[in-house]
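Chemist: Mind having a look at this structure? Questions to follow.
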Amino acid sequence: MGGFARKTSLASGRTDRRYRQRMNYREALDYMQQIGQYGIVPGLDSIRELCRRLGDPQKGLRFVHVAGTNGKGSVCAYISSVLQCGGYRVGKYTSPAVVDEREEIQVNGSYITKAAVSRLVERLKAVCDGMAAEGLPHPTPFEMKTAMAFVYFREKKCDIAVLETGMGGLLDATNIVEDTCVAVLTSVSEDHMGFLGRTLPEIASQKAGIIKKGCHVVTAAQRPEVMEVIAGKAAQAGCPLRIADVRGAEHVRFGLEKQRFDYGQRKKVEITMAGQYQIENAVIALEALEALGSCGFPVKEEKLRAGMAQAGWPGRFMVVGRKPWFILDGAHNADAAGKLAESLAFYFSHRRIIYIMGMLRDKEYEKIIGLTHGLADQIITVTPPENKRALSACELAGAVAAVHAEVTAADSLEEAVEMARLLAGREDVIVAFGSLSYLGRMMEIIGKAEGKEA
């Protein structure tokens, strides 16, 4: 790769490190894409060895670890926002990125710098090349990004880091952490069943694998068979268990720009993320923050309220336009699709709704269609760009046509946005949803169409 070329001294025939060409940011991104060819090697051996060679950067850091099927990113956003308002230096590691690749690794709300990405990827490449040369499996991109996050958080002297699992929990690369203050379980439903198990208890067992001995455990109210698994794991590890039950939220005032609710002794807690389901995510975060208070991370009440109100998360029932309303949502599995349908029916009853839908082939797209098609007047399908797992717009349109007559496959995201705007009146609603992988590009297109800087 060009970024690793070195000049050689003619006198000695040896490499002169003074002339070493450093990897730039674009080369770092290209390299991370290229190593996707190495696939997935189940287990934690590879990430453990990678981190060992990096000096175990995860050690000495304290963590909030979040697993579950849906709501993980939003819960991470609430918790990290409140801790930051409380005066702590907070690392946050979430995936996938929506707007910018660097958003996956943040410290106090600021993305990891391009210079840091270039420097750390170069360092990681050298270590991974060494592992491969010794016959060890080459770490995956997710394992490398996870290790990068640990190194960056330690360099930035973070007081605490909020981690979102990539998939599952027990064998997820993030699960090499040891000093977990609070393990958080959002709602658990069918997800990645080819990897995590065919039944809910099997999936729950994988998700609950983030529970560490003596940590605090916070879980959403779950189905009985899921709750049994989580409670059992918590008891086995000697962990106090808190249940965040959204039914305890009272006097809820829903809105697209602002929402408010009472929970326990707290009155009029305000959040600015839209979607009915955000009340549950906020309640989970409040319980996790209570647990963190007993772990040495207390936050004053006024700072807590400010942090909850300031929290944001791209691509989750996100309002990006008005007249007509334009909503982006990363509903990419059946549980999230059901919640999206509930929110659309609640916020936009008696309004005409136009969908832009893009899905990945390995998702339960037929279930998602079944849960959402009834609310749509028109459905436009798209192919998520630059994704090998993308389901083509034509194939998706064919699946939609089995249950909905008004469906059109668009040749591009730009065409889909243009078609939707032509079809929509000022009081109508356009909803782009499905794979998170294309929503960032949608935000750029919408911003340009409205004459804004995306």
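Chemist: At 222 nm, what value in deg cm²/dmol follows for the chain if DSSP H runs of at least 4 each add -39500 (n - 2.57) and the sum is divided by all its residues, to the nearest 500?
Modeler: For the chain, the value works out to -11500 deg cm²/dmol.
Chemist: Using Cα pairs under 8 angstrom and six or more residues apart, how large is the relative contact order of region 68-141, in percent?
Modeler: Averaging sequence separation for qualifying contacts and normalising by length gives 17 percent for region 68-141.
Chemist: Could you tell me the accessible area of S110 in Å² (1.4 Å probe, neighbours in place), rounded to the nearest ten?
Modeler: 70
Chemist: A further question on this structure: Quick test of your reading: applying the under-4.7 Å Cβ rule, which cysteines of the chain are isolated?
Modeler: That list is C51, C76, C85, C128, C158, C215, C239, C394.
Chemist: Using only the Cα atoms of region 309-454, build the gyration tensor, take square roots of its eigenvalues as a ≥ b ≥ c, and label the shape rounded, prolate or oblate: rounded if a/c is under 1.5, else prolate if a/b is larger than b/c, else oblate.
Modeler: rounded
Chemist: Here is a follow-up. Could you give the size of the charge dipole of region 159-268 about its Cα centre, using +1 on the Cβ of each K and R and -1 on the Cβ of each D and E, expressed in debye and rounded to the nearest 20?
Modeler: 500
Chemist: Once a ≥ b ≥ c are taken as the square roots of the eigenvalues of the Cα gyration tensor of the chain, is the result rounded (a/c under 1.5), prolate (a/b larger than b/c) or oblate (a/b not larger than b/c)?
Modeler: Oblate, since a/c reaches 1.5 and b/c is not below a/b.
Chemist: Separate question: On full extension of the chain, what length is gained from R48 through K258, given 0.36 nm per residue of separation minus the C-alpha to C-alpha distance?
Modeler: 71.3 nm
Chemist: How do K207, K300 rank by accessible surface area computed with a 1.4 Å probe, from largest to smallest?
Modeler: The ordering from most to least exposed comes out as K300, K207.
Chemist: Find, among the trypsin sites (Lys or Arg not before Pro) in region 208-284, those assigned to loop by DSSP (not H, G, I, E, B) with at most 10 other beta-carbon atoms within 10 angstrom.
Modeler: Hits after loop and neighbour filter: K213.
Chemist: Ignoring ligands and nucleic acids, what accessible area does E250 show with a 1.4 Å probe (Å², nearest 10)?
Modeler: Number for this one is 100 Å².
Chemist: Next up: Using each residue's phi in region 344-351, evaluate 6.51 cos²θ - 1.76 cosθ + 1.60 at θ = phi - 60° and report the 3J(HN,Hα) Karplus result to the nearest Hz, with x for Gly and Pro.
Modeler: My calculation for region 344-351 gives 5, 5, 6, 7, 10, 5, 6, 10 Hz in order.
Chemist: With the crude spin-label approximation of a point 7 Å out along Cα→Cβ, what separation in nm comes out for A115 versus S294?
Modeler: Placing both labels 7 Å along Cα→Cβ, they lie 4.4 nm apart.
Chemist: Just to make sure I understand: if all protein chains stay in place, what is the order of E49, E301, E406, E122 by accessible area at 1.4 Å, largest first?
Modeler: From most accessible down to least: E406, E301, E49, E122.
Chemist: Report in % the part of the accessible area of the chain that belongs to carbon and sulfur, leaving out ligands and nucleic acids; probe 1.4 Å.
Modeler: Carbon and sulfur together cover 49 percent of it.
Chemist: Over region 287-427, average the accessible area per residue using a 1.4 Å probe and give it in Å², no decimals.
Modeler: Result: 45 Å² of accessible area for each residue.
Chemist: Figure the gain on full extension for S412 and Q236 (residue separation times 0.36 nm, minus the Cα-Cα span) and round it to one decimal in nm.
Modeler: So the chain would gain 58.2 nm between S412 and Q236.
Chemist: State, as an integer percentage, the relative contact order of the chain based on alpha-carbon contacts under 8 Å between residues 6 or more apart.
Modeler: 14
Chemist: Per residue, what accessible area does region 147-219 have, given a 1.4 Å probe and all protein chains present, in Å²?
Modeler: Dividing the accessible area of region 147-219 by its residue count gives 32 Å².
Chemist: While we're on this one: Could you grab the relative contact order for region 343-454? Cα pairs under 8 Å, six or more apart, rounded to a whole percent.
Modeler: Relative contact order comes out at 32 percent.
Chemist: Amide H of A244: which non-local residues (sequence gap of 5 or more, or other chain) have their own amide H closer than 5 Å, using H built in the peptide plane?
Modeler: T219, A220, A221
Chemist: Taking the Cα centre of region 299-449 as the origin and placing charges on Cβ (Lys, Arg +1; Asp, Glu -1), which of G312, G425, M443 is farthest toward the positive end of the dipole?
Modeler: My answer, from the dipole projection, is G312.
Chemist: How much accessible surface area, in Å² rounded to 10, belongs to the heavy atoms of C181 with a 1.4 Å probe?
Modeler: C181 exposes around 0 Å² with every protein chain in place.
Chemist: Taking R0 as 41 Å, what FRET efficiency do you get between E250 and E427 from their Cβ-Cβ distance, rounded to the nearest 0.05?
Modeler: Computed FRET efficiency for E250 and E427 comes out at 0.80.
Chemist: From largest accessible area down, sort L163, L170; use a 1.4 Å probe on the protein chains.
Modeler: Result, largest first: L170, L163.
Chemist: Further, regarding this structure: Answer rounded, prolate or oblate for region 44-162, using the Cα gyration tensor with square roots of eigenvalues a ≥ b ≥ c: rounded when a/c is under 1.5, else prolate when a/b is larger than b/c, else oblate.
Modeler: In terms of gyration-tensor shape, prolate.
The values are calculated or read from the model by the stated rules, or taken from the named source; none is laboratory data. A quick note: this is a predicted structure, and the numbers were derived from the prediction, not measured. Please note: Cβ atoms are built from the backbone with ideal geometry, for glycine as well, and neighbour counts cover all protein chains shown. The protein model used for the area step is the full one, side chains on, heavy atoms only, and it has no ligands, DNA or RNA in it. Shrake-Rupley method; radii C 1.70, N 1.55, O 1.52, S 1.80 Å.
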